[in-house]
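A.B. asks: Dumping the structure here so I can ask a few things about it.
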Amino acid sequence: MSPNCLWTWGLLSALLVTFGSAAISSRVLELSDRFIDVRHEGQWLVMFYAPWCGYCKKTEPIFALVAQALHATNVRVGRLDCTKYPAAAKEFKVRGYPTIMFIKGNMEFTYNGDRGRDELVDYALRMSGPPVQLVTRTESVDMLKGSHTIFFIFVGQQEGVVWDTYYAAAEGYQEHGFFYATSEDIAAQHFDFEKLPAVIVYKEEQHHFYPHGHLAHEMDPNDVNETIFQWVNVERFTLFPKVTRFNIHQLLKTNKYLVLAVVSEDKLNQIATHELEFRDMVEGVIRKHRPRYHEKFQFGWIGEPSIAHSIILDQLPTPHLIAINSSTQHHFIPDDDPMQMTPQALHLFLESISNESAVAYGGDTYFVRLNRALFEVRRSLKDMWQGNPVLTTVIFGLPLGFLSLIMYSIFCGDCLVTEEDQDEDHEKKE
């Protein structure tokens, strides 16, 4: 191939890439204040942003991929610049950037999960459908198993207290999970159950039952309501999820002890070998002994040590292990060196928490909350300085400069006047 042909082919390839990227970006609709009037036309996933926001800039390419993935659905994806259109920001009560909302009709749902492509697409698909989706074909259950890490499914006649409560729980937790319903004939080909109605959670290639389904007719309706909501709240997480600043608050709502393996991920999400071995050891123990710990403990791992630092209000070397009492906000740290921790030592640590013999730190007193607020301020300032020292200097330097001038004029102005008066008196005497 001649050099001219190669040059032409390279130019065409570059143009295709450019226009392809532009096409993907164009899937995200640019919205204005007029969106207030057209919000009822369909269903929307909208990112409210500010051009100067660093987190918004990081989310933009991910949001473009989300728009591409949802292009063939009934969900429209758009973004709105709140600095240009403050009326829309006020209408939707935007308090920070970026704020991602799912909007349908008069209802608005603020997204508080991880800002990854898959998480946002799943969220939009969940919210766009009814709280409980019907499964009418047996092969559909296989598709659900292949596409969802976790989902809930009701089996039996769609009537009675169990069904009513299951539907109400699906409405309450639609933002956090997938809920389905099917017939006995279809479910029998995929799950082992003896009595109906049955409520099943499928996660990580295993299924577990709501323990009181077939006894519901003997229970008080209020007890059925409470136990199903509590069961769904607890079972909506996998056994060993990755914990982030976005989902940790949801995990704490389980009212269990939250036990976290703390490791450090780099920018490529890579973990050092010795830290990875520690995390895998913890995961292996809890998977092997799930029945032993599932009632009282929720496990997970953290790849961002600063989350653990905010919990204990101090630096924490990695790898490490911490446990949090979700009710009292106390935390526990094992005495053993994490690098030397064995499965047996982990069992002893968990047992000491369970029987309340472990030493508890922190809590939720006023003094602890004040210290936590101060710690977060220091951490935020440090992150700002490391991220953009020039902008940080401008943001804090200019106000401090003006304040210094004001203070100088207040407290030193009298001194200048006194010196001038003294000079005048001296001239008069001469």
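The values are calculated or read from the model by the stated rules, or taken from the named source; none is laboratory data. Just so we're clear, the structure is a prediction, and the values are computed from it rather than from any experiment. Here the Cβ is made from the backbone with ideal geometry for all residues, glycine too, and neighbour counts use every protein chain on show. Quick note on the areas: whole protein, heavy atoms, side chains included, nothing else; ligands and nucleic acids left out. Shrake-Rupley method; radii C 1.70, N 1.55, O 1.52, S 1.80 Å.
A.B. asks: On a C-alpha basis, how far is the centre of the stretch 136-215 from the centre of the stretch 229-243 in Å? Whole number, if you could?
C.D. replies: After rounding, the separation between the Cα centres reads 15 Å.
A.B. asks: What distance in nm separates the two pseudo spin-label positions at Lys57 and Asn355, each 7 Å out from Cα along the beta-carbon direction?
C.D. replies: Calculated label separation equals 5.6 nm.
A.B. asks: Can I ask one more? Along the Cα-to-C-beta direction of Gln340, a point sits 7 Å from the Cα; which residues of the stretch 271-307 have their amide N less than 18 Å from that point?
C.D. replies: 275, 278
A.B. asks: Another question about this same structure. Which links in Lys58/Lys253; Lys145/Lys203; Lys242/Lys267; Lys90/Lys253; Lys253/Lys288; Lys58/Lys104 stretch past 18 Å when you go from one Cα to the other? Spell out each step's value before the answer.
C.D. replies: On the way: Lys58/Lys253 29 Å; Lys145/Lys203 8 Å; Lys242/Lys267 16 Å; Lys90/Lys253 30 Å; Lys253/Lys288 25 Å; Lys58/Lys104 26 Å.
Where the Cα-Cα span goes over 18 Å, the pairs concerned are Lys58/Lys253; Lys90/Lys253; Lys253/Lys288; Lys58/Lys104.
A.B. asks: Mind giving me the nanometre distance, one decimal, between the label points for His347 and Asn112, set 7 Å out from Cα along Cα→Cβ?
C.D. replies: About 3.8 nm, to one decimal.
A.B. asks: Note the full-extension length gain between His294 and Ala272 as 0.36 nm times their separation in residues minus their Cα-Cα distance, in nm to one decimal.
C.D. replies: Details: separation 22, 0.36 × 22 = 7.92 nm, distance 2.87 nm.
Taking His294 through Ala272 to full extension adds about 5.1 nm, to one decimal.
A.B. asks: How many angstrom lie between the Cα centre of the stretch 58-123 and the Cα centre of the stretch 270-286?
C.D. replies: Here the two parts' Cα centres lie 35 Å apart.
A.B. asks: How would Lys203, Lys253 rank on accessible area, largest to smallest, probe 1.4 Å? Let's see the in-between values first.
C.D. replies: On the way: Lys203 15, Lys253 110 Å².
Highest to lowest solvent-accessible surface, that is Lys253, Lys203.
A.B. asks: Ignoring any ligand, DNA or RNA, what whole percent of the accessible area of the stretch 242-364 comes from carbon and sulfur when the probe is 1.4 angstrom? Numbers along the way, then the final one.
C.D. replies: Details: 3020 of 6080 Å².
Taking all protein chains in place, the stretch 242-364 shows 50 percent carbon and sulfur surface.
A.B. asks: Same structure, new question: Which is farthest toward the positive dipole end of the stretch 29-127 among Thr110, Ser32, Tyr97, measuring Cα position about the Cα centre, with Cβ charges +1 (Lys, Arg) and -1 (Asp, Glu)?
C.D. replies: So the residue furthest toward the plus end is Tyr97.
A.B. asks: Tell me, what ³J(HN,Hα) does each residue in the stretch 182-198 have, in order and in whole Hz, if you take phi through Karplus 6.51 cos²θ - 1.76 cosθ + 1.60 with θ = phi - 60° and put x for Gly and Pro?
C.D. replies: 8, 8, 4, 4, 6, 5, 4, 7, 10, 10, 9, 9, 9, 10, 10, x, 10
A.B. asks: Another question, if that's okay. Just to check I understand the Karplus step: with θ = phi - 60° and J = 6.51 cos²θ - 1.76 cosθ + 1.60, what whole-Hz values come out for the stretch 145-151, glycine and proline as x?
C.D. replies: Here the 3J(HN,Hα) series is 4, x, 9, 10, 5, 8, 7 Hz.
A.B. asks: Pull up all non-local amide H partners of Ser264: gap of 5 or more, or a different chain, and H-to-H distance under 5 Å with H placed in the peptide plane.
C.D. replies: Placed amide hydrogens put Ala272 under 5 Å from Ser264.
A.B. asks: Per residue of the stretch 220-230, in order, report the coupling 6.51 cos²θ - 1.76 cosθ + 1.60 (Karplus, θ = phi - 60°) as ³J(HN,Hα) in whole Hz, putting x for Gly and Pro.
C.D. replies: In residue order, the calculated couplings are 5, x, 5, 5, 4, 4, 5, 6, 5, 4, 5 Hz.
A.B. asks: Hey, got the dipole for the stretch 230-302? About the Cα centre, +1 on K and R Cβ, -1 on D and E Cβ, debye to the nearest 20? The partial results should precede the final answer.
C.D. replies: Numbers: 12 positive and 8 negative charges, 73 e Å.
Here the size comes out at about 340 debye.
A.B. asks: How would you rank 133-143, 88-98, 161-171, highest first, on the average number of other Cβ atoms within 10 Å across their residues?
C.D. replies: On the way: 133-143: 13.8, 88-98: 15.9, 161-171: 19.8.
So the peptides 133-143, 88-98, 161-171, ranked by packing, come out 161-171, 88-98, 133-143.
A.B. asks: Search the structure for amide H atoms under 5 Å from the amide H of Gln133, placed 1.01 Å from N in the peptide plane, and list their residues when 5 or more places away or on another chain.
C.D. replies: Amide H neighbours of Gln133, under 5 Å, 5+ apart: Phe179, Tyr180, Ala181.
A.B. asks: Taking a cut-off of 17 Å between Cα atoms, list the lysines near Lys84, but don't count ones fewer than 8 places away on the same chain.
C.D. replies: In chain and number order, the partners are Lys57, Lys93.
A.B. asks: May I pose another question? If you average the sequence gap of Cα pairs under 8 Å that are 6 or more apart and divide by the length of the stretch 145-304, what percent do you get for the contact order? Could you put the intermediate results ahead of the total?
C.D. replies: On the way: 201 pairs, mean separation 37.7, N = 160.
Relative contact order of the stretch 145-304: 24 percent.
A.B. asks: Amide H of Val243: which non-local residues (sequence gap of 5 or more, or other chain) have their own amide H closer than 5 Å, using H built in the peptide plane?
C.D. replies: Trp301, Ile302, Gly303
A.B. asks: Ordered by packing density, taken as the mean number of other Cβ atoms within 10 Å over each peptide's residues, highest first, how do 190-196, 153-159 rank?
C.D. replies: Values: 190-196: 13.1, 153-159: 19.1.
Ranked from most to least packed, the peptides come out as 153-159, 190-196.
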